[in-house]
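One structure is given below, encoded as structure tokens.
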Amino acid sequence: MKIGFLGLGQMGSGMAANLVKAGNHVTVYNRSPGKAAALLEQGATEAKSVADACHGEAVITMVADDKALQALAFGEHGIIATLPKNAIHISCSTISVALSEKLTEAHEAAGQRFIAAPVFGRPDAAAAAKLAVVAAGPAETLADCTQIFEAIGHRTFILGDKPPIANLVKLSGNFLIASVIETLGEAMALVGKAGVDLHAYLDMLTSTLFSAPVYKTYGGLIAGNKFEPAGFAAPLGQKDIRLTLAAGEHLGVPMPVASLLRDRFLTLIATGGENLDWSALGKLAAKDSGQ
């Protein structure tokens, strides 16, 4: 399959590499130069512009936020202006529901196809093709993307025929992860101040009540103070909570915990945590208690 891939950050690089390994002809583009070298050695082709990556059957975007995706999609020589008729734009980014709706309408008007397929997993999962893909869009289009999903992830969850639903579900998932980080951090601050070994405490939790990977992954980062290099930077976490609250406001759903998390992320970023992993949120409670 001839695929364009836009966005070679920590997640995108691993995803693009797995598409190359699966035998696809992958043309890669990144706004900041120099990130394609490893992929070129593996067999990818480098595009000099967004348009150069939009001549195939599909183009995948994996960028940080709404602003970055809007620039790629709606520019004068962007995705919508250059993608062939009936070709597919697969958005794997965590973006707002509103932007997903806008992209759905714009691609339909241009005679192109659009699906939302955000992913769950950190950079190591992206590199290992172990992402969980959450996809929504027309059934025929989703079927045409099956081999793409299989190349980047270990399981695909189909949520319906309306792309924005996948984005809403992704935001809800990141809200839950942030909630775990905050509450786990508070619990660890409590027992830690009493002298309990945090690694032993985490082993007890994840061997009994909370065996889910999210507790093991983020609990280990919190217990070990392993917040650099950031697998998912704190400002991205703050962005996702802000988008979750916007979705809640639009749908008339109060989310008091999300409001708390927004303020906690703002505290983390304002006190020097801008370049830390979002799991550093779990150390705020310890800091607040003088530890």
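Each reported figure results from applying straightforward, stated rules to the coordinates on display, with no laboratory input. In this text the structure is predicted, and so the values were computed from the model without any measurement. A quick note on method: Cβ atoms are made from the backbone with ideal geometry, for glycine too, and the neighbour counts reach across all protein chains shown.
Going down the list K35/K162; K2/K48; K226/K287; K67/K102; K35/K67; K67/K287, which pairs span over 24 Å between their C-alpha atoms?
With Cα atoms farther than 24 Å apart: K35/K162; K67/K287.
Report the full-extension gain for the segment D197 to E108: residue separation times 0.36 nm, less the Cα-Cα distance, to one decimal in nm.
Between D197 and E108, full extension yields an extra 26.4 nm.
Using only the alpha-carbon atoms of the stretch 167-288 as identical scatterers, what base-10 log of I(q)/I(0) does the Debye formula give at q = 0.11, 0.21 Å⁻¹?
-0.36, -1.17
Compute the acute angle (0 to 90°) between the alpha-carbon long axis of helix 10-21 and the principal axis of greatest extent of the alpha-carbon atoms of the chain; round to the nearest 10°.
50 degrees
Relative contact order (percent) for the chain, with alpha-carbon contacts under 8 angstrom and 6 or more residues of separation?
14 percent
With angles folded into 0 to 90 degrees, how steeply does helix 198-207 sit against the dominant principal axis of the chain? Use alpha carbons for both and round to 10.
With rounding to tens, the tilt is 60 degrees.
Percent relative contact order of the stretch 64-223, based on C-alpha pairs within less than 8 angstrom and at least six residues apart?
After rounding, I find 17 percent.
Can you give the Rg to Rh ratio of the stretch 2-161, both from alpha-carbon atoms, with Rh computed by the Kirkwood formula?
Checking Rg against Rh, the ratio lands at 0.92.
Taking a ≥ b ≥ c as the square roots of the Cα gyration tensor eigenvalues, with a/c under 1.5 meaning rounded and otherwise prolate when a/b beats b/c, else oblate, which class fits the stretch 6-46?
Cα axes put the stretch 6-46 in the prolate bin.
What's the FRET efficiency of R31 with Q291 using the Cβ-Cβ distance as r and R₀ = 35 Å, to the nearest 0.05?
0.30
Quick one: if you stick a label point 7 Å off each Cα along the C-beta vector at L251 and D52, how many nm between them?
Calculated label separation equals 4.1 nm.
With +1 on each Lys and Arg Cβ and -1 on each Asp and Glu Cβ, how big is the dipole of the chain about its Cα centre, in debye rounded to the nearest 20?
220 debye
Label the chain by shape, choosing from rounded, prolate and oblate, from the square roots a ≥ b ≥ c of the eigenvalues of the Cα gyration tensor; if a/c is under 1.5 it is rounded, and otherwise prolate applies when a/b is larger than b/c, oblate when it is not.
Prolate, since a/c reaches 1.5 and a/b exceeds b/c.
For the pair S172 and E140, what calculated FRET efficiency results from E = 1/(1 + (r/R0)^6), where r is the Cβ-Cβ distance and R0 = 35 Å, to the nearest 0.05?
So the FRET efficiency works out to roughly 0.85.
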